[in-house]
Each structure stands twice: as structure tokens, then as C-alpha cells.
Amino acid sequence: MSKNESDAKVQTIFGKEKNPSSIEPKKLTLDSPLKFRCHPGVRCFTACCGGIKIILTPYDILQLTRRLAIPAHEFLHTYSLPTYLEKTDMPGVMIKLREEDNKCPFVTPEGCTVYTDRPTACRYYPVGMADFHEGGSRDADGEEVKTAEEKFFFTVREDHCKGFEEDKEWTIREWRADQGVDVRDEMNKEWLRLVMRRKSYGLQATLSEQAKRMFFMASTDIATFRKFVFESTFLDTYELDQETIDKIREDDVELMLFSFKYLAATLFGAQTLNIKEEKIKAKVAQIKERQDETVMQSIKEYEELKAQTAAQKVGTGVLKK
Ligand code: SF4
Ligand code: SF4
């Protein structure tokens, strides 16, 4: 892959920009300087909160539903639109912009009404993160192998954004910490990995409709996923220690992180969750029983066919002396 091709593989899922040409062609590290400040006094205040596609991660949805004190299904219905993630067939959601002005439903002239719980994409802007891992090497479990050098940062400089004219200087690391990006990255990491893994497999590899529905449910509605775990045969099927059960029962964030492990195991066969041995044995016995039945059926059919053929030969005199 040429360097230019690699550079083009930027991780845009959290990119708020809609025009890739506004990406500055300069690789930045965590220690690179950034001259930028965004505050209510800038001329462009809230200019970036319209005409954009903001993908929501499971953690974004969890935080926003808590903030708005509404269930996920109501949030999804009111504030989101379905979309596909990273040009894959993985279903996700993005913020539904207001029909009247094509702006985010949470923006007012005074600013963002959910600021402390704003989505990951809003926190990233105008510093994007790029990743070389697509098509990279994998370990024995099929997990992507990454090195620190595979990540870098870049700025998105759009004409309307006047924050670059401000005097404040910091490093990319300081900016990200200030915006709470690091925490979001940690929360989104495994989920994003699922999406990028799907992307690296390409669309030739199929994902069942049921798997896609499960991915969507677990990614957007933690209350329904909770029911799935605690009100089905889930706990009888998977090996989970008591500490994990207690944690995911009490804490939605823990449950969300657990859902990523479940999805990795069921969608990609990752060794993140084990099925109980007795369940495996029962399944193997069931398959064997079906196989035995099939073999017996084949033998029976073969014997019948043989008898039929012999009878026909007798009838046509082939076997007559
Ligand atoms: S969530 Fe807040 S910061 Fe993000 S686009 Fe909407 S108003 Fe702007
Ligand atoms: S400075 Fe940039 S990020 Fe801040 S409000 Fe203006 S356009 Fe948005």
C-alpha cells in the first residue's frame, strides 16, 4: 500500500467533517502543538453544529439517554436516523438534524444543551485520528495487531471554523484530555474494533441478518440487551463468573463493555466468551444424534433401493436361469 493510500484510510467514524479536502495533509502526534480555542465568544459559535453527520457510539447513546432521562427507544425514535457504519453493512445510528434548519436538535444560540454529554464526534472536532490498521496483520485469534506508530492525528480546517485564529496553544494530547476524548476512546475502543474488523473482512464475507440485528440492539439499546442477558437462557449458556454477573447487573457501562465481548464472540468467533461445557456437550450430542439419524436414513434408503432394483430384475427376467 502506498503512503498516500495509507493516509487515505483515516478513521472517519468520529470525524464530524463532511469534506475530506479540509483535512490538513500533516501527520500529527500527541505531542504536536495545536493553536485552537472554541468558546462562546468566537464569531462562528455553533456553526459546526449543522449540516453534519454525527455517528453515535453505544457510549454516546448511553450518556445522552441518561442526560435526557428517556429510554433508548424514545431517544432513537426522536433524535436519530439509521445509517451504516464505515461503509460496511453494520447498522448504526446518527443524529437526526432538525428539518427546519438542518442543525443538531441539541443546539441553541447559547450553545450545546447537552455539552457535558455531547457525542464523541463533537469532542473530536477539529482533531481527527487516523489509523493504519485496516488490512493489517492479525494474531492467532484473528485479532488485529497494532503498534503505536499506526496511529496519528490530523486537523480538519474548515473555512467557517475560526477557532484556529484564537491564541490558545496546547498539544494534541492536552486538547484531547480537555475534550474528554481519551475517556470516550477507551469506552468506544472495542465497539469500534468490531466495526473495523467487519470492514477489513470485506462484504464478500457475509453476516447474517440475525447477527446484524443483534449488533444493532446491543449497540443502541442497553436496556433490551439487559433483558436478553438476564431474562433468557443466556446465563445458562455462557460461562460467566459471579463477579462479572454482579458487575453487569449493577452497571450499564459494564454491561455495555460486556456486550462488545459478546458481539466479538458471536460475530467473529473471538475467544472473548465461552459457552458452558455441558451446553457444548449437549449440542455435540444433538448434532451426533442428527447425523446418526441421517446415516440410518441413508442406509434404509439404500437397502430399499437395492430391494427395488432386485425386484425389477426378477420381473424383467434378468435373474432367470
Ligand atoms: S451535540 Fe452539541 S456539540 Fe454536538 S453537534 Fe449537537 S449541539 Fe453541537
Ligand atoms: S470555533 Fe470551530 S468548533 Fe468552535 S464553534 Fe466555531 S466552528 Fe465550531
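Here, each number is a calculation from the coordinates, and none is a lab measurement. The shown structure was predicted, so the numbers you read here are calculated from the model rather than taken from an experiment. Cβ placement follows ideal geometry from the backbone for every residue including glycine, while neighbour counts extend to all protein chains displayed.
A few remarks follow.
- Here the Karplus curve 6.51 cos²θ - 1.76 cosθ + 1.60, taken at θ = phi - 60°, turns the phi angles of the range 179-194 into couplings of 8, x, 6, 4, 5, 4, 4, 5, 5, 8, 3, 6, 5, 5, 4, 4 Hz, with x standing for Gly and Pro.
- Sparse-neighbourhood loop sites, GluC sites (Glu not before Pro) in the range 199-257 - DSSP loop, at most 15 other Cβ within 10 angstrom: Glu231, Glu239
- Other-chain or far-sequence residues with amide H under 5 Å of Leu85's (modelled H): Met90, Gly92
- Amide H contacts for Thr171 (H built 1.01 Å from N in the peptide plane; partners 5 or more residues away or on another chain; cut-off under 5 Å): Leu34.
- When each of Lys96/Lys212; Lys189/Lys212; Lys35/Lys212; Lys53/Lys189; Lys96/Lys199; Lys162/Lys212 is checked by Cα-Cα distance, pairs over 30 Å: Lys35/Lys212; Lys162/Lys212
- Once the Cα-Cα distance is subtracted from the 0.36 nm per residue extended length, the Asp251 to Thr294 segment shows a gain of 10.8 nm.
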